[in-house]
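The values are calculated or read from the model by the stated rules, or taken from the named source; none is laboratory data. On a predicted model such as this, the values are computed, not experimentally measured, just so you know. Because the Cβ atoms are built from the backbone with ideal geometry, glycine has one as well, and the counts that use them run over all protein chains shown. Just the protein is used for accessible areas: all its heavy atoms, side chains included, with ligands, DNA and RNA removed. Shrake-Rupley method; radii C 1.70, N 1.55, O 1.52, S 1.80 Å.
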Amino acid sequence: MTDVANNEQNHWNRVKGRLRTNVGEDVYTSWFARMDLERIQDDSVHLSVPTKFLKSWIQAHYAERVLSCWQAELPEVSRVDLTVRSAVRAPAPAKDVKPAIEERRPERLDNRPIPELRATATVPVSANHDALGGSPLDPRLTFSSFVTGRSNTLALAAARQVAEGRHGDPVMFNPLYIHAGVGLGKTHLLQAVTWAGNSSSDRKVLYLTAEKFMYGFVAALKSQTALAFKEALRGIDVLVIDDLQFLQGKSTQSEFCHTLNALIDAGRQVVIAADRPPSDLESLDDRVRSRLAGGLVVEMGSLGEELRLEILKSRVTAARVHHASFDVPLPVLDYLAKTITHNGRDLEGAINRLLAHSKLNATAVTLEMAEREVRDLVRPQEPKRVKIEDIQRVVARQYNVSRSDLLSSRRTANVVRPRQVAMYLAKTLTLRSLPEIGRRFGGRDHTTVLHAVRKIESLVSKDLTLSDEVELLKRQLQE
Ligand code: ADP
Ligand code: MG
């Protein structure tokens, strides 16, 4: 890499860091993780994303933040151009060359409203179909490969119940809402419901990620078939929506709300997964939240050691179908189950590495090799759950005020800012809802908390000292 490129990359890395702090981890990973820096030229920064959908979403919702994060890094930047990377796209047939070229032309991030929403003519007829085709399913994620343990028995039973229903059966709980942290089996269970439902009964089960739901809706709007899209969506028996926490934007949310109501009122089943309970989905309005909470809400806890061992065993069995010579001795499995405590994804990753290593080197799996191969998957402890009291204590110490000052109604500048910082940290580091945070800060209203969060969000993107302080506090709290 040349020095210039290297330098640009360093700027970009810092901007990404700011963006991540600014919008929070979830939003960052869903919208910005696949954003790349193309180049910096004079006062313009050129960024790219892999899909048109991501581009319009970022333009419509995050244009200013992206720009201000760049300005905090390089004050001379005055515009950010966003393009769709063409390399990953399948080559377009000759007659489509024109729109493909148009798509690559950069557009100013601050162009609003989104120009594509009006570009009805170029949208392929299949966009609507595509949206209703559902998100891709992984054939391995079925009920038979789902291992049960204490943490997921109830969720599994409810999911089976839903999958076994028949067209026209009365619905027992609606919606079924499953929540759990990352890698604890939500997607696995939802896809199992979809496979089982579609293969065994006369019902139509549709699996959509929240992103796909939004994309389907945006695409339908573009091709002005929103009505047909809604009708088609309402024509299915079971709607399965994964990662609901990523559903964003007023119009999509109100669309989601209508769809939810229409399906539930028509006696159709809705199954939802998210990383938090309905009450903590702040961006949704109260009515949707209470509708979501009105069915069966089930939490899946962390995977216990026994469950982890069973998952590992089932992964090995699955791998042996194609690689008969692959074997992992029990002591190695025990070691993995004891040390890789974090989530199911890492367990799967560990088995994949052992498989790759033993294939490539034509050697048997040993404990010593396993220790070496999975070293980086072993996390010393579960990530710490940050408590609101800890936040208050650490912030009070940092700013040299007392904890009771933070909770008091005093409005002098030396307590107002620390209080706002503490509320902001409570919002970003815990799953507590705004009203709950308000209660914990001396019985304040949730709008006060929201105001504080927004205030600090906007300050950290401009004020480097504050942004460093906030980073430091986060690090102290998460250690
Ligand atoms: P989530 O959607 O909650 O983030 P996933 O469903 O993607 O998690 O699970 C992550 C990985 O762990 C997948 O490979 C999944 O098959 C595996 N996994 C999680 N829980 C179980 C389980 N109970 N039985 C079998 N595999 C599991
Ligand atoms: Mg998932």
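I'd like the FRET efficiency for Glu389 and Ala228, computed as 1/(1 + (r/R0)^6) with the beta carbon distance as r and R0 of 41 Å, rounded to 0.05.
Values: r = 53 Å, r/R0 = 1.28.
E between Glu389 and Ala228, to the nearest 0.05, is 0.20.
Among 364-374, 390-400, how do they line up from the highest to the lowest mean number of other beta-carbon atoms within 10 Å? Provide the component values of the computation, followed by the final result.
Details: 364-374: 15.5, 390-400: 18.5.
So the peptides 364-374, 390-400, ranked by packing, come out 390-400, 364-374.
Per DSSP H run of at least 4 residues, take -39500 (n - 2.57); add these up for the chain, divide by its residues and hand me the 222 nm value, nearest 500 deg cm²/dmol. Mind showing how you got there, number by number?
Working: 20 runs with 254 residues, N = 479.
Here the helix-only value at 222 nm equals -16500 deg cm²/dmol.
Accessible area, 1.4 Å probe, largest first: how do Thr259, Thr317, Thr225, Thr412 sort? Intermediate results must be reported in sequence, preceding the final value.
On the way: Thr259 5, Thr317 90, Thr225 40, Thr412 65 Å².
Most to least solvent-accessible, the answer reads Thr317, Thr412, Thr225, Thr259.
Only four residue types carry charge here, +1 at the Cβ of Lys and Arg and -1 at the Cβ of Asp and Glu. Report the dipole size of the chain about the Cα centre in Debye, rounded to the nearest 20. It would help to have the intermediate numbers written out before the result.
Values: 67 positive and 59 negative charges, 151 e Å.
My answer is approximately 720 debye.
Is the stretch 388-478 rounded, prolate or oblate when judged by the Cα gyration tensor, a ≥ b ≥ c being the square roots of its eigenvalues, rounded requiring a/c under 1.5 and prolate requiring a/b larger than b/c? All intermediate terms of the calculation are to be shown ahead of the outcome.
Details: a/c = 1.29, a/b = 1.20, b/c = 1.08.
Judged from the Cα gyration tensor, the stretch 388-478 comes out rounded (a/c under 1.5).
Tell me, what is the percent relative contact order of the stretch 388-478, built from C-alpha pairs under 8 Å that lie six or more residues apart? Can you show the working numbers first?
On the way: 87 pairs, mean separation 24.1, N = 91.
Dividing the mean separation by the residue count of the stretch 388-478 yields 27 percent.
Tell me, how many Å apart are the Cα centres for the stretch 408-476 and for the stretch 178-220?
36
Is the C-alpha gyration tensor of the stretch 180-303 telling us rounded, prolate or oblate? Criteria: a/c under 1.5 is rounded; beyond that, a/b larger than b/c is prolate, otherwise oblate.
Working: a/c = 1.58, a/b = 1.17, b/c = 1.35.
It comes out oblate by the Cα gyration axes.
Using 0.36 nm per residue, how much length does the chain from Val378 to Ser290 gain when fully extended, once their Cα-Cα distance is taken away?
Working: separation 88, 0.36 × 88 = 31.68 nm, distance 3.89 nm.
Gain on stretching Val378 to Ser290: 27.8 nm.
Of the beta bridges DSSP finds with both residues in the chain, what % are antiparallel, to the nearest 5? Kindly include the intermediate steps, with their values, before the conclusion.
Values: 7 of 30 bridges.
Given both bridge residues lie in the chain, the antiparallel proportion sits at roughly 25 percent.
Excluding Ser358 itself, calculate the net charge of residues whose Cβ lies under 15 Å from the Cβ of Ser358, where each Lys or Arg counts +1 and each Asp or Glu counts -1. Working shown, then result.
Values: positive: Arg315, Arg320, Arg353, Lys359, Arg372; negative: Asp327, Glu368, Glu371, Glu373.
Result for the local shell: +1.
Could you pull out every one of the aspartates and glutamates with an alpha carbon less than 18 Å from that of Lys230, ignoring same-chain neighbours closer than 8 positions?
Partners within reach: Asp130, Glu211, Glu255, Asp265.
Just grab the label-to-label distance for Asp42 and Val321, each label 7 Å out from Cα along the Cβ direction, in nm (one decimal).
In this crude spin-label approximation the distance works out to 5.8 nm.
Taking the alpha-carbon centroid of each part, what is the distance from the stretch 252-321 to the stretch 1-32 in angstrom?
Comparing the Cα centres of the stretch 252-321 and the stretch 1-32, I get a distance of 31 Å.
What order do Met172, Met423 take when sorted by accessible area (1.4 Å probe), most exposed first?
From most exposed to least exposed: Met172, Met423.
Between Lys250 and Thr83, what length in nm is gained on full extension when 0.36 nm per residue of separation is reduced by their alpha carbon distance?
Value of the extension gain: 57.7 nm.
Separation between the Asp463 and Arg160 pseudo-spin-labels, each 7 Å from Cα along Cα→Cβ, expressed in nm?
If labels sit at Asp463 and Arg160, their model points lie 5.6 nm apart.
Provide the gained length on full extension for the span Ala33 to Gln476, in nm with one decimal, where the gain is 0.36 nm per separating residue minus the Cα-Cα distance. Walk me through the numbers before you get to the answer.
Details: separation 443, 0.36 × 443 = 159.48 nm, distance 2.50 nm.
Here the segment from Ala33 to Gln476 would lengthen by 157.0 nm.
What is the calculated FRET efficiency for Ala356 to Lys204, with r their C-beta to C-beta distance and R₀ = 35 Å, to the nearest 0.05? Write out the running numbers ahead of the final one.
Details: r = 39 Å, r/R0 = 1.11.
Given R0 = 35 Å and the Cβ-Cβ separation, E is 0.35.
Shape call for the chain from the C-alpha gyration tensor, a ≥ b ≥ c root eigenvalues: rounded (a/c under 1.5), prolate (a/b greater than b/c) or oblate? Spell out each step's value before the answer.
On the way: a/c = 1.26, a/b = 1.12, b/c = 1.12.
It is rounded, given that a/c, with a ≥ b ≥ c, falls under 1.5.
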